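I have placed the structure first, in the form of structure tokens, so that the comments after it can refer back to it.
The values are calculated or read from the model by the stated rules, or taken from the named source; none is laboratory data. These numbers come from a predicted model, not from an experiment. So basically every Cβ, Gly included, is an ideal-geometry build from the backbone, and we count neighbours across all protein chains shown. Remember, those area values only see protein heavy atoms, side chains included, never the ligands or the DNA or RNA. Shrake-Rupley method; radii C 1.70, N 1.55, O 1.52, S 1.80 Å.
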Amino acid sequence: MIKRKKQPGILHKIRKGTGKLCTLVLAGTLFLTPSMQAQAIGAGSAIARGIDVSKHNLGIDWSQVPSSGVSFVFVKAGSTNSGVDPYFDVNMNGANAAGLRTGVYLYSYASTVEQAQNEANQLLSWIGNYTVSYPVVYDVEAPCHKNMSSEQLQALINAFCSIIEANGYYPVVYSSRNMFRDKIGNIGYDKWVAQYADALEYEGASFWQNTSHGSVAGIPTRVDMNYQFKDYSKIIVADGFAARGDQTVFYAGYRMQRSCWVAWEDRKYHLDENGFVQKGCWFEDETGRYFLATKDGHALREDVTIQGEEYYFDENAVMMRGLVTRPDGNVYYYDPTTGALQRNVTVTVEGVNYEVNGKGIATAVVPEVPAEPAPETQPAEPAPAPEAAPAPADGAQAQ
């Protein structure tokens, strides 16, 4: 990253006479004005020690690195000028295999907001298939940045970091102490500050790069060494919930999720566009209508009373409407619009009338069928008279 340069001292040739001596004293006083002072912080205040690497460190035996007390690493992904770093793939895979928390950085050459946005999108395309378990860093120190105003630099940083953040990564900005103090100023992102000295004279840094001449087992070259002051163990997590101030966010694969449903321990939660767990509110999408618990935001199931009204949510936490057969075997009626349980009403559903009692149980009303009238009886026809016997023939006598 930063190449160490010799800083010119304030040299004064003191000649005889108090005038020259007074000039020297005044110059020193102005140089040490309180507004330019910062409380120094040393390695003793650090909570972890790490390195940053690139192609300049050549091939690294990552299995040896943790033995030097290193617990995290920032791997150079590349730049839009030179492309992806030729050692990026092997360094990412090796660092993760060694169990190190692994972040990445991009060296910026951007001088416009559009270029900064392009750098962010380029970096996202490089890192998408890797496990990035630590911050994604924007390295702002190129010669083109040194002549830019604070407003211009902050615009670049905001453009880059907002895209990184929207894609679930945690952005951090890297630069020298002097650049942060004199040029960049206050930004809404964590800072990784370079100052090659025995102590960092800058307040509020999350990381401090204190030398480029470190020695670490498994690395054949000198290497940049860093101290960490901010604890990210509960900020960037592999999977599950993490706190963001008074809000709660959710991580999957070390990436913060946004605008989606997430499942955790047999419950489901919805995240808004900022990635915050929604709580104590109704939520509706194309899959149905839900109520999200006030305490932790999980979507409620079964019987729920909300503002005096009773609702029923199925096993997927979807609010039910109309006729609903519940586990007790009864059929209940819920308003087809609001979903609230109805009582003591008569309703018609698909042409069938239902009586809903005081408990909300609906019973179909079976219409009475009128009895069919008995068929009319017809008078019986008289039986036909028997035929008379034939008369005997002439001369014959009856027996």
TODO: Would you kindly derive the ³J(HN,Hα) couplings of region 320-334 from the backbone phi angles with the Karplus curve 6.51 cos²θ - 1.76 cosθ + 1.60 (θ = phi - 60°), listing them in order in whole Hz, with x for Gly and Pro?
DONE: 9, 9, x, 7, 10, 8, 9, x, 6, x, 7, 9, 10, 10, 10
TODO: Would you check the accessible area of W208, probe 1.4 Å, heavy atoms only, in square angstrom rounded to 10?
DONE: 0
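Classify region 84-219 as rounded, prolate or oblate, taking a ≥ b ≥ c as the square roots of the eigenvalues of its Cα gyration tensor: rounded when a/c is under 1.5, otherwise prolate if a/b is larger than b/c and oblate if not.
On the way: a/c = 1.84, a/b = 1.16, b/c = 1.59.
In terms of gyration-tensor shape, oblate.
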Open item on the list: Using only the heavy atoms of the protein chains and a 1.4 Å probe, how would H56, H270 rank by accessible area, largest first?
Closed with: H56, H270
Open item on the list: Only sites in a loop by DSSP and with at most 14 other Cβ atoms within 10 Å count here; which trypsin sites (Lys or Arg not before Pro) in region 159-264 make the cut?
Closed with: R222, K234
TODO: Would you mind putting 100-106, 90-96, 275-281 in packing order, based on average other-beta-carbon counts within 10 Å, highest first?
DONE: 100-106, 90-96, 275-281
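So which GluC sites (Glu not before Pro) in region 206-301 end up in coil per DSSP with only 13 or fewer other C-beta atoms within 10 Å?
Answer in residue order: E265, E273, E286.
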Task: Within the accessible area of region 128-201 (1.4 Å probe), percent carbon and sulfur - done: 40
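According to the square roots a ≥ b ≥ c of the eigenvalues of the Cα gyration tensor, what is the shape class of region 66-159, taking rounded for a/c under 1.5, prolate for a/b larger than b/c otherwise, and oblate for the remainder? Intermediate results must be reported in sequence, preceding the final value.
Values: a/c = 2.45, a/b = 1.95, b/c = 1.26.
It is prolate, given that a/c is not under 1.5 and a/b is the larger ratio.
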Task: Cα centroid separation - region 303-373 against region 140-183, whole Å - done: 60
